[in-house]
Structure formats: C-alpha cells, structure tokens
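Below: one structure, written as structure tokens.
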Amino acid sequence: MDVLLIPGFWLDASSWAPVTAALRAAGHRPHPVTPRGAGAPAAEAAGVTLADQAAAVVELLDGLEGPAVVVGHSGGGAVAHAVADARPDRVARVVYVDSGPLADGGVVNDGLPVVDGLVPLPDWSVFEEEELTGLTDELRAAFRERAVTVPPLVAAGPQVLHDERRYDVPVTLISSTMPEPVLRGLMAQDHPYVRELARVRDLTVVEMPTGHWPQLSRPDDLAAAVVATVAATAG
C-alpha cells in the first residue's frame, strides 16, 4: 500500500527513515515528503501556507494508483487533515503521530518566534517537559543539527477546509504525550483542542508513552506501530 509521510515542524523527509525502512520491508510503498517551503530562504518561504503544503501532498497522492494511508506528525497532522479534506475518497486512513486534525480556521501555533522571516527550531524552554521526554542531550543536539526552518504562514496562518466527508476517513492517533483516557475525557468535555477529532467517526488510539518526537526517541516502536496500522488498513 502507498503511505504518504508528512513530518512535523523543523523536520524533513529524512526524519521518517526508520518508518520508511520498516514499511518497505513489509512490502508497502512509503513516500516521505519534505513540506513545501521547509528549509527554504525567507523570500521563497514567505508566501507558503498550510494549503500550499497540502496541495503538494495532494498532487503526490493523485499520481498514485488506488487509496493511500496519510501519516502526519505534529504540525504535519494539519496538512494530513487538509489532504483528507481534499481527497476523502482517496485517503484510506489518516495516522496522526502525537497530533490531530486541525479544524477549518484553526492555526498550528501562532506563538512561535519568527526570526529573519522564518520560524527556526526555538530554544527547548519553549516546549513543555512532557514534550521533551525521551530526548537525550545527544538526540537534542542531532535534532537541532538537522532542523529546517518553517514558513511563518504555515505556523500562524489559518487552515482552510471544504468537505465534511473528511470525518468519514478512518483515523489512528498514535499518542505519545497524552494517555488515551485523558484524550477521550477531553473529547467528552468538548474541549476545543480535540473538537475536530471528536467529529471523526472511526477513531483508534494507540498509546506510545514518550515525548512529542517518537521518531527520535522511540523510532523502532513508531515504525512497528505505523506498519501494523497500514497492514490492518490494507486488509
């Protein structure tokens, strides 16, 4: 099965390497992407939006035969949701990795510092402690070394959605910073953070306790979870 892999902020296609290798070994066809504008100069990245990033993934999807699984980590989850909105009949499942669907009009994070027209990986103090769980000093250094910048409008611009059939697309959420009972409790309370997720009609939650970057802190476990989800989707 074809699997489109969208990284979160400050990461590119190479961040999916362990997942990509495991998917290939299982007989699937992974397509890791580097989001449009990621790592680009400020003049080039200035006008890039979430919709532009989604359009690039939709173009990739349209070039494939049959349905595909779309995987999105962190801010890449917003892109994955927009892809499901654009092609609800072509997306067999969305897999959110410590992420979730961003509703129409929502923004990923408009509080991130913009430096010289770009959003770089900020100081670790910007993140919550639970987000950094599992990131050793060595992993943090490697992450910072490989980090790419994010276009400002991708971080702070609004999500644009059109088709409510997106709620019919099955979802698996691999949750690494929030236990499933807490997540389900927030959904039951109609918390704004998970309001769009609560509208999904077929939701499976997989707990993977670690920080916000399981592809760095638990790469083999994340790869196994994605492979198992794709296998179950492919039937």
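What is the calculated FRET efficiency for GLU207 to GLU65, with r their C-beta to C-beta distance and R₀ = 45 Å, to the nearest 0.05?
Numbers: r = 34 Å, r/R0 = 0.75.
With a Förster radius of 45 Å, E is 0.85.
Please arrange TYR167, TYR96, TYR193 by how many other C-beta atoms lie within 10 Å of their C-beta, fewest to most.
On the way: TYR167 18, TYR96 26, TYR193 11.
If I rank by nearby Cβ atoms, fewest first, I get TYR193, TYR167, TYR96.
What fraction of the DSSP beta bridges in segment 11-154 is antiparallel, stated in percent and rounded to the nearest 5? It would help to have the intermediate numbers written out before the result.
Details: 2 of 8 bridges.
Here the antiparallel bridges make up roughly 25 percent for segment 11-154.
According to the square roots a ≥ b ≥ c of the eigenvalues of the Cα gyration tensor, what is the shape class of segment 1-98, taking rounded for a/c under 1.5, prolate for a/b larger than b/c otherwise, and oblate for the remainder?
On the way: a/c = 1.89, a/b = 1.33, b/c = 1.42.
Because a/c hits 1.5 or more and a/b fails to exceed b/c, segment 1-98 counts as oblate.
Given only helices, namely DSSP H runs of n ≥ 4 each adding -39500 (n - 2.57), what is the per-residue ellipticity at 222 nm of the chain, to the nearest 500 deg cm²/dmol? Before the final figure, lay out the partial values.
Values: 10 runs with 85 residues, N = 235.
Using -39500 (n - 2.57) per qualifying helix, the result is -10000 deg cm²/dmol.
What is the order of ILE174, ILE6, fewest Cβ neighbours within 10 Å to most? Write down the numbers at each step before the final one.
On the way: ILE174 22, ILE6 31.
Final ranking by Cβ density, sparse to dense: ILE174, ILE6.
Would you mind ranking TRP10, TRP124, TRP213 by Cβ crowding within 10 Å, fewest neighbours first? Please report the intermediate quantities before stating the final value.
Values: TRP10 22, TRP124 13, TRP213 29.
Ordered by Cβ neighbours within 10 Å, fewest first: TRP124, TRP10, TRP213.
Using a 10 angstrom Cβ neighbour count of at most 13 plus a DSSP loop assignment to flag exposed GluC sites (Glu not before Pro), which longest range of the chain is free of such sites?
Excluding the exposed sites themselves, the longest stretch runs over 129-235.
Among all stretches of the chain without exposed trypsin sites (Lys or Arg not before Pro) (DSSP loop, at most 14 other Cβ atoms within 10 Å), which one is longest? Before the final figure, lay out the partial values.
Values: sites that count: ARG199, ARG201.
My reading of the result: 1-198 is the longest stretch.
For segment 2-234, what does the alpha-carbon gyration tensor say about shape, rounded, prolate or oblate, given a ≥ b ≥ c as the root eigenvalues, a/c under 1.5 as rounded, and a/b over b/c as prolate? Can you show the working numbers first?
On the way: a/c = 1.20, a/b = 1.14, b/c = 1.06.
Verdict is rounded for segment 2-234.
Bear in mind these aren't lab numbers, they're just calculated from the coordinates by the rules spelled out. The structure presented is a predicted model; accordingly, all values stated were derived computationally and were not measured. Ideal geometry is used to build each Cβ from the backbone, glycine not excepted, and the neighbour counts take in all protein chains shown.
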